[in-house]
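A.B. asks: Right, I'll just put the structure down here and ask away after.
All of the numbers you see were taken from the coordinates with simple rules; none came from a lab. Predicted model, so just to flag it, every value in this text is computed and none were measured. Because the Cβ atoms are built from the backbone with ideal geometry, glycine has one as well, and the counts that use them run over all protein chains shown.
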Amino acid sequence: MKILTVIGARPQFVKAAAVSRAISTINEETNSRLSEFIVHTGQHYDQNMSDIFFDQMKIPKPNLSLEIGGLSHGAMTGRMLENIEATLKEQNPDLVLVYGDTNSTLAGALAAVKLHIPVAHVEAGLRSFNRAMPEEINRVVTDHVASWLFCPTSTAVDNLKQEGIVADEERGIRVSNVGDVMFDTALFYKNLAGPSSYLQKVVSDIAEREFVLATIHRQENTDDSEKLSNIVKALVEIGSNTPIVLPLHPRTKKIISEQNLVLDGIHVVEPLGYFDMIYLLERCKGVMTDSGGLQKEAYFFKKPCVTLREQTEWVELVDNGFNRLAGSDRELIVAAFDWMSMCKLDYSKRLYGDGNASHKIVSELLGLH
């Protein structure tokens, strides 16, 4: 069996690496001849994705880099569709594997299904129920064209059922709750991670103190001047008493500068690699973010999280009290920080599987389950 994997951003490389390791392991265990061809669309340019990134994180380098990025949603997705289609015709894979909710995910799924190549979607069934989010559209469309839907939670399975997507052998649709590959990843890298020389230098004065790890990058926040202003003001208020480390994306940094917003008291650092983020996650008192992935990683590392959005696709974190939604309301953000400072949470419950999702995914693709 030949798999063609389509990814376009650093978090997807990290997720895909877990599945790639499972492919190697199962090939050795079962004498399978499962091969993988990795396509990187180039959707997100990331200066941290150097040769050192791939070597340190034991991640396979892409077989093909399309270098498509920096365009509008429509132009980017269209260009990806064209190039991925050509690659599929050349490589002739048995299935296409996509992750999450980026434009790369959507383009890979659409290119495959139009060539009658089955699609496997990892992180299927996630819903924020906010159709204004480009990511939500990408998730929904990908799920509705996929043949294998690998869900991280029972909630995701229920979401698919509500949309009429259920396992159906006659139609070739398979729905499985395998757990979350990011949990596999967190367990694998936890013992490998160490801070870079850059991080040691910029946070050496606060790394051993109580601090909050924060990120802001979602367009729903950065492209709304009022929302962004409220979030920044809340973080500055919190940062006057508790140190906040804020890895800041260049785009967000530019918008903050254009709006003349001041980050007084905030420890602003460059975008960080995965090992540096793990280092901070292990040491922080809590997380404040509009990132989907970081909400889960906070839970994996047993830290409370405040989400700077009105909705989250990881509803089980909110339902079980590990996460609070504060949106962009300044007072709600500060109140949620007060909760974070005082809460005592029980992390013994396993919301995202047993850390073996990648092995389950590969086994199901090979028909070993």
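A.B. asks: List the chymotrypsin sites (Phe, Trp or Tyr not before Pro) in region 113-161 that DSSP assigns to loop (not H, G, I, E or B) and whose Cβ has at most 13 other Cβ atoms within 10 Å. Which are they?
C.D. replies: F129
A.B. asks: Still on this model: Just tell me which aspartates and glutamates come within less than 12 Å, Cα to Cα, of K2; anything on the same chain fewer than 8 places away is out.
C.D. replies: Hits, sequence-local ones excluded: E36, D94.
A.B. asks: While we're looking at this one, here's another question. Rounded to the nearest 10 degrees, what's the angle between the helix 330-342 long axis and the longest principal axis of the chain, both from Cα atoms, 0 to 90?
C.D. replies: With rounding to tens, the tilt is 90 degrees.
A.B. asks: If we restrict to alpha carbons, what Rg and Dmax does region 197-342 come to, in Å?
C.D. replies: Rg then Dmax for region 197-342, in Å: 13.9, 39.
A.B. asks: In whole Å, largest first, what are the principal axis extents of the Cα atoms in region 290-369?
C.D. replies: 52, 24, 17
A.B. asks: Hey, another quick one. Taking log10 I(q)/I(0) by the Debye sum over Cα atoms at q = 0.09, 0.15 Å⁻¹ as the quantity of interest, determine which of (1) -0.49, -1.25; (2) -0.56, -1.30; (3) -0.50, -1.42 was computed from the displayed structure.
C.D. replies: Entry (3).
A.B. asks: Please give the contour-minus-distance gain from H116 to I173: 0.36 nm per residue of separation, less the Cα-Cα distance, rounded to one decimal in nm.
C.D. replies: 19.1 nm
A.B. asks: Would you mind checking the tilt of helix 181-190 against the longest principal axis of the Cα atoms of the chain, expressed as 0 to 90 degrees and rounded to 10?
C.D. replies: That works out to roughly 60 degrees.
A.B. asks: Evaluate E = 1/(1 + (r/R0)^6) for C343 and D319, where r is the Cβ-Cβ distance and R0 equals 22 Å; express this FRET efficiency to the nearest 0.05.
C.D. replies: Approximately 0.90, to the nearest 0.05.
A.B. asks: Still on this structure: Full extension from E258 to D55: what is 0.36 nm times the residue separation minus their Cα-Cα distance, to one decimal in nm?
C.D. replies: 69.3 nm
A.B. asks: Could you name the lysines whose alpha carbon sits less than 22 Å from that of K190, not counting residues in the same chain fewer than 8 places away?
C.D. replies: By straight Cα distance, K190 reaches K15, K58, K61, K201, K285, K296, K302, K303, K349, K360.
A.B. asks: On a 0 to 90° scale, report how tilted helix 274-283 is relative to the longest principal axis of the chain, with both axes built from alpha carbons and the result rounded to the nearest 10.
C.D. replies: Between the helix axis and the principal axis of the chain, the angle is about 50 degrees.
A.B. asks: Which of rounded, prolate, oblate describes region 114-164, given a ≥ b ≥ c as roots of the alpha-carbon gyration tensor eigenvalues and a/c under 1.5 marking rounded, otherwise prolate only if a/b is larger than b/c?
C.D. replies: Oblate shape, in that a/c is at least 1.5 and b/c is the bigger or equal ratio.
A.B. asks: Just how large is the dipole of region 197-342 about the Cα centre, in debye to the nearest 20, putting +1 at every Lys and Arg Cβ and -1 at every Asp and Glu Cβ?
C.D. replies: Dipole of region 197-342, to the nearest 20 debye: 320 debye.
A.B. asks: Check each of the chymotrypsin sites (Phe, Trp or Tyr not before Pro) in region 294-351 and keep only those in coil by DSSP with at most 15 other C-beta atoms within 10 angstrom; list them in order.
C.D. replies: Passing sites in region 294-351 are Y347.
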